[in-house]
Every structure is written in structure tokens, then in C-alpha cells.
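Here is the structure we will look at, set down as C-alpha cells.
The values are calculated or read from the model by the stated rules, or taken from the named source; none is laboratory data. Keep in mind it's a predicted model, so treat the numbers as computed, not measured. Cβ placement follows ideal geometry from the backbone for every residue including glycine, while neighbour counts extend to all protein chains displayed. Just the protein is used for accessible areas: all its heavy atoms, side chains included, with ligands, DNA and RNA removed. Shrake-Rupley method; radii C 1.70, N 1.55, O 1.52, S 1.80 Å.
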Amino acid sequence: MSRADGFDAVVVGSGPNGLVAAVTMAETGRRVLLVEAADRFGGGLRTEELTLPGFHHDVCATVLPLALASPAFRELDLEKGAVEWAHPPVPAAHPLDGRSAVLIHRDPDRTAHSLGRDAAAWRATVGATSRGGSRLVDTLLSPLALPRAPLRAARFAAAGALPLTWLARSAFRTTEARAALAGMAAHSMLDLRAPITAGYGLLLAALAHQVGWPVVRGGSQVLADALVARIAQSGGEVVSGRTVRSLDELPDAASVLLDLTPRQVVAVAGHRLPPGYRRRLERYRYGPGVFKIDWALSGPVPWSDPAVAGAGTVHLGGTLEEIVVSEAAVARGGHPERPYVLLVQPCVADSTRAPAGSHVLWAYCHVPNGSTVDMTGAIEAQIERFAPGFRDLVLARSVMGPAAMEAHNANLVGGDIGGGSARLSQLWADRPIRLIRGRPRCPGSTCARRALRPARAFTAWAAVRRPGSHSDG
């Protein structure tokens, strides 16, 4: 990890944040070194044969709407490279017992029309968020910067700051619309009676209309590999299989960026942190974990409502009331008998992931952080509830509880795939800061942008939780 002319920046960690930062700096002429502990780059952008040969499973992230919607990824113009986006016929579906499933289409009017009495309400809530376009998304993803769409952001905040339960019950009258928005909001991994959970639901549903919920053809690893290739093409150096245990192990550089969660930041840089800032990081709260299963299937899932077969993402949880009970149980440290299950059918959009006629499938449910309870039976029961005969198609399965998730990626503390609790106070207050000569500066600043300035500094990437960060399932 050295070069004769030194480095302008060292990036530790090759998750999406680290990759984007490294590409951005390398392509502006900086001398960049990217260091990754795992043997492959990508963090959550990993694709492996977890079950059987020829079945390619995304270990963590699969559905990537923010890779199309976020300003950082938009500026990279990934479509001109090796990344091909594959869109399912239907971005998301929400099955219900004894009723037709709710289908979230790319077309907001088609979605609204299917909701009958709630058509106007869907257009006024999710539709309005979608019409805010990229300027609203940019504002929501940079809440401490000057808003690019202040009026739309204020309108969004009026509804988005509410608990999901309040918004769903006040805005919608039908079981279908309430359940669909609850399924979206449950991506937050919060008790849906908590503030801002409505905002998560509105934004994720709006992204389905605005940019879709695509997958990367060939697997999420393709995206990570494409970004690593761009770093190398711009003269940057990349090193995998190297665990950084202390900043003292790194070569001299004007800036060091840590694409790590607070626990890892303290472990690597604690001896250089101001005491007050270190205490803040040590108080950082992680969110619930996930219990994930990947399956190799002999055929497509036999959904009771055949329309669900065209959906890339499926929310299994039943009604608003059922999902609220499930997520509240997890927030209290419990394990619901009927968990909210987030399921992804990658082959609906990308048939290259499995041998002809076969399918890959994955699903997870939320569990308390660090849980050791086996949720295999509960997850498969929820699938069978809406797709009788599903178990008969299973050729092989791979099970990853919270401990296995963290073993795969140390940033997934206790199985938390979101990098920390999405609660309101943490979203705003416990953000990364730039440190210069041991002193905290610019609280709440955007680390990548600040780090581009020449200064002897390192930046603590606290992996701030942002809407939709993992659903990205």
C-alpha cells in the first residue's frame, strides 16, 4: 500500500459510500487508495453461489432504486459502463388474504386507479412525492444542505414526519392502500407508530413510480466491480483482503475516509478522536437485525394471485394492523409469529441468475439486533400463506441470521443492514463530521464533498441511515 508520489486520499471500506467517494476523487485527478478487508469488493454489493452451482444470489442488496435516484450515483452515469439495469414488470406487490394483491406499477395513475376509493388519496400523497422528481430526492438525501425544492420538501415533511399509522388511517379508507403503504414504510425497520415512518413509506413508493425498483443484470456484484474498475482506470490503487485495525497502518495521505459504522470507526481511529466525539460514536444505536434466507427453486413461486409473479419485490405481512403488530414486537425485542417479510424475485427481471426454468429467491424478516432465534419456519409459513406449495419447489436454501450477516460484513452490526437505527434523533443529530488535526469541524457536513478539499484530515463515515438505504433489500 505505497507509491512513490504518495496518496491524496485513502478510503477504507468498499461499500457503496466508499466506492462512490473513491471514484469521485480518482476521476478528478486525486491519487486514491481503496482498502477492503474482504476478499471481494462491494460490501453489501456481493453476488455469490450460496446454494447450488449456477444459482447466483445477492448476499445483501438486490433492488437498488437509489442507485438511479441519488445524486451521487446519477453523476456517475453508470449506464455508459458495464452496468445494465433490469426492471421487473411490476416494481412491488403486496398480497392480501382473500383479496387481489396490490400492485405498485411504474405508472402512478395505473396504481392509483387500482386502489378504487383511494385513487385520489394515492395521487395526493405518493403521487405528489413522485412528482417532486430528482430535486425533491436530492433535498431529502441532503437534509442539512440548502434545499433544492423547498416548497415540495415542506409539503413532503408535513406528511412524512407523521407515524405511518396516522397517515395511513387518515389519508386512506381501503385495506389495500393502507397495507401497501405500511409494507413500504416497514423497510425503515422501525415501530410504525414512530415519527417519520410515513416519510420512509412515501419516498420508497414514490421511487417505484419515479425510477422503478431495478436490479443489476448479473447480480449486484457487477455494480461493485464496475466502480472498482473505474477507480483503477483513473489511476487509483485498490487492495482487498487487508483489514485496517488502526489509522497508523495506513500510508500518509491528505485525507482518509472511513466507510465504516461508528463501532468500527472507534476501533480504527479511537486513539485520534476527541473524547467528546468518541463518546458520541460509542452511544450510537444500531437498529434491528435481519434473518435472511436464499433459496434455489425448481420453478417460479406459485402465488395465489398470479399477478404477484411479475413483481420484483413482494411485501408479505397482510394488513396494516398485522404489520404494525409485527414491527412493534421487534422494536420491543420480540420475535413475531407472523413476521413482516420482504421478499425479492430477481429472476422476474434477470433470468441469468439461475439455470433455465429455475429461480433464485430471497427473503428476510426483522429480528432484534443480535438475535439467535431461527426464523426459517416463520418466514416460509408467510410465503406458504400467499403461495401454497412453495416448499415443494425448494432445491436448496442458505440461511443467514444476524451473526452470519455480521461475519460476512463487519458493518452489519448485529445483523443491522441499515448502518444504524433510523429513528429521527439519530438521523439528524448523530451524523459524520470532518476532523482536522484532531478537532471536530463542520458537524453534519457531507463527508465526501468536504474531503475533496486539500487538508490534512480524516473523515469518519458513520454510515448515516437514509431513506431506502437497504431496500434495497
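With a requirement of 1 or more residues that are out of contact with any Phe, Trp or Tyr (no Cβ under 6 Å at 6 or more places or on another chain), touching a residue at least 40 places away in the same chain (Cβ under 8 Å) and under 18 Å from Val102 (Cβ atoms), the strands (runs of 3 or more DSSP E) lying completely within region 277-364 that satisfy it span 311-316, 341-344. Inspection of region 341-351 finds a residue satisfying the criterion of being surrounded by fewer than 16 Cβ atoms within 10 Å (Cβ to Cβ), more than 19 Å from His187 (Cβ to Cβ) and among the small types (Gly, Ala, Ser). Considering (1) open to solvent by 30 Å² or more (accessible area, probe 1.4 Å); (2) more than 30 Å from Leu395 (Cα to Cα); (3) touching a residue at least 60 places away in the same chain (Cβ under 8 Å); (4) under 21 Å from the mean Cα position of the chain (by Cα), the lone condition that Arg135 does not fulfil carries the number (3).
Here is a yes/no grid of residues against (1) farther than 22 Å from Leu320 by Cα; (2) assigned to a helix (DSSP H, G or I):
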position: Asp138; (1), (2): yes, yes
position: Pro143; (1), (2): yes, no
position: Ala158; (1), (2): no, yes
position: Leu162; (1), (2): no, no
position: Glu176; (1), (2): no, yes
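Just checking, which of Leu167, Leu203 is closer than 25 Å to Val20 by Cβ and not hydroxyl-bearing (Ser, Thr, Tyr)? Talk me through it step by step, then tell me what you get.
Numbers: Leu167 fails: closer than 25 Å to Val20 by Cβ.
The conditions single out Leu203.
Contact map, region 101-121: first residue over 22 Å from Leu316 (Cα atoms), second residue outside any helix (DSSP H, G or I) and open to solvent by less than 70 Å² (accessible area, probe 1.4 Å), Cβ cut-off under 6 Å, separation 6 or more or different chains; pairs are Arg117/Thr174; Ala121/Phe172. Residues considered: Ala124, Ala119. Of these, the only one that is open to solvent by less than 20 Å² (accessible area, probe 1.4 Å) and either assigned to a helix (DSSP H, G or I) or touching a Ser or Thr at 6+ places or on another chain (Cβ under 8 Å) (or both) is Ala119.
Looking at region 69-100 only, could you name the residues that are in contact with a strand residue (DSSP E or B) (Cβ under 9 Å, 6 or more places away or on another chain), modelled with pLDDT of 85 or more and either among the basic types (Lys, Arg) or open to solvent by 30 Å² or more (accessible area, probe 1.4 Å) (or both)? Glu84, Trp85, His87, Pro89, listed by residue number.
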